[in-house]
Amino acid sequence: MQQDTKKKPLAIASVPVQSWGELYGLEEGFRRGTIFPELDMPFYAAEPEQGEGSYSCRRTSEDGSAELMEEIGQISFLLDDLVLYLDTHPEDETALGIYQENSRRRRELKETFAKRFYPLTRDCMAVCGNFGWGDGKPPWEGGCA
């Protein structure tokens, strides 16, 4: 069935421009799903009770791989959120500086992980001295960060 669009008015959307403000820390931003507190809005009418519905991402391992992987995941999340902000605010020097600093830190963490355990991405293979996934899981089996 074809609708007659000429009889209906078009909608006009109004989206406020996000302004720069304080950021959550890595762990808090990762847990809440955004690094921007002003974008942290609940999907429910009431906030969950303490401990109820909260996501805990604490992982531990004897060799330190889980903790290192968690830190890489948190920084990766921060970078993804900053990219979304920088897409609409490319001139924001503060955001760009935070992005560059954490991008460098993520690269260092991935190289550390590759040296101690196995490469997470093909970019890390040179750090290991050979081309291959070694003892780790390849990306198609969930091994990449």
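Where a number appears in this text, it was derived from the coordinates with a stated rule and is not lab data. Source: prediction; values computed, not measured. Cβ atoms come from the backbone with ideal geometry, glycine included; neighbour counts cover every protein chain shown.
Values as computed for the structure displayed
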quantity	calculated
Label-zone membership for region 18-40, site D92, 7 angstrom Cα→C-beta point, backbone N under 11 Å	18-23, 35-39
Separation in nanometres of the label points that stand 7 Å from Cα toward Cβ, at W20 and L84	1.9 nm
Linear extension gain, A126 paired with R104, 0.36 nm per residue minus alpha-carbon span	6.2 nm
Peptides ranked, highest mean first, by Cβ atoms within 10 Å: ranges 11-17, 94-100	94-100, 11-17
